[in-house]
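Trainee: Below are the structure tokens for one structure; questions will follow.
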Amino acid sequence: MGVDRPDEADVPSDGHADHRNDQGGGGGGRAGRAGGGQAEDSHRQEYYAELRLAVSAEQSVTAQQAAAREQAAAQKWDGTEKESRWMWTEYQRRWPSEERPSVDRSAGPLGSWRGEGNRSLDRAVNGRVEAECDRVAEREQEKISPALRAIESQDPDRHLVGFDHRLKGHDRIKEKVCRSIKNFGRSPEQAVSRVPDAIRYTFQYQETRYTQGVLADITRLKDQGFELDKLKNSWSHDQYKGINSQWIEPDSGQRFEVQFHTRISFEAKQLTHGAYERLRTQQADKFEQMVLEAFQKKVTADLPVPLGAESIPDYPERKADAR
């Protein structure tokens, strides 16, 4: 036996409609069935309307709770930021920049380059590095940035920040190039191509939409044809919080970096950038190094971690004890 469908409820089992109530009289027949169907539709519409209201109310409460948490985190961060800026001012007073070793970048033959730590490039090599830096800028302008802007347009709840600083300065590129040429014997062109953040971007998300936003944008980057080379999740670290990823544009082999931040984690990164730069030069003595690391830990200690952010896997994935 089959199961009656709703519109077959008044059909007898022999397959013929019962005509006894079709010939006028009373409230039966088709009119009665039509009235019953209209009432059923009306009740169904009322049910769905009430269900939509209930879901909407639940979403509203959830959104309000999330907004309250973000506001509380922002207020706490305001206090941390104020105190941290004071600490950085005290550091600069204790270690004024004019007392640190300086670099005479004008030294050396015309057309050569000299950087920190006695790093230098002769005229011929420096010219080749400059030419390759120009090619990097062309790839950024013609293909990579338009693709990142297209990705940005697909989600109005987050945006690119620091876009004007997407190209790394030539001096910083040359510092990395010097090490690459010296340590690995690479050509100037190969050395520049290996710099992972010669082009860099940062997506900034609302805290409550961070995890799903990052995962969606990783997929969008792949859909644009970019190849994921590395992804490092640092939300569990004590001196820097956020996610850094490195990508390759396959036609040119150009590498670029994409960082994923919340507003607060991005501001913390900006606030600790001076300390990071000083530590990077490896010119600080042990005591100054300890102060700088303590400062970074202070800034990032109470940063709110978006729900699910720590579960975004590294690429290539690292073992749990490798952090």
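The values are calculated or read from the model by the stated rules, or taken from the named source; none is laboratory data. Model, not experiment: these values are computed from the prediction. Accessible surface areas use protein heavy atoms only, side chains included; no ligands, DNA or RNA. Shrake-Rupley method; radii C 1.70, N 1.55, O 1.52, S 1.80 Å.
Trainee: In the range 191-264, carbon and sulfur make up what percent of the accessible area (probe 1.4 Å)?
Mentor: The nonpolar share, carbon plus sulfur, comes to 41 percent.
Trainee: Tell me, what ³J(HN,Hα) does each residue in the range 78-87 have, in order and in whole Hz, if you take phi through Karplus 6.51 cos²θ - 1.76 cosθ + 1.60 with θ = phi - 60° and put x for Gly and Pro?
Mentor: Result, ordered by residue: 4, x, 4, 4, 4, 5, 5, 5, 5, 4 Hz.
Trainee: For the range 201-323, what log10 I(q)/I(0) values come out of the Debye formula at q = 0.12, 0.22 1/Å, with one point per alpha carbon and no solvent?
Mentor: Those come out to -0.50, -1.28, one per q.
Trainee: Using only the Cα atoms, what convex hull volume per residue in Å³ does the range 170-212 have?
Mentor: About 104 Å³ per residue, rounded to a whole number.
Trainee: Take the alpha carbon atoms of the range 223-279, find their radius of gyration, then divide it by 2.2 N^0.38 Å using N residues; give the quotient.
Mentor: Against the compact-globule rule of thumb, the ratio is 1.32.
Trainee: In straight Cα distance, which lysines are under 22 Å from Lys297, not counting same-chain residues fewer than 8 positions off?
Mentor: Lys76, Lys82, Lys232, Lys241, Lys269, Lys286
Trainee: Restricting to the range 148-291, what percent of DSSP beta bridges are antiparallel, rounded to 5? Mind showing how you got there, number by number?
Mentor: On the way: 18 of 24 bridges.
Taking every DSSP beta bridge within the range 148-291, about 75 percent pair in antiparallel fashion.
Trainee: In square nanometres, what is one fourth of the surface area of the convex hull spanned by the alpha carbons of the range 121-258?
Mentor: 9.1 nm²
Trainee: Just the number please: accessible area per residue for the range 252-323, 1.4 Å probe, all protein chains included, in Å². Each step should come with its number before you reach the end.
Mentor: Working: 3860 Å² over 72 residues.
Normalised by residue count, the accessible surface of the range 252-323 is 54 Å².
Trainee: Given a 1.4 Å probe and heavy atoms of the protein chains only, how would you sort Ser112, Ser97, largest accessible area at the top? Please list the in-between numbers first.
Mentor: Details: Ser112 25, Ser97 80 Å².
I get Ser97, Ser112, largest accessible area first.
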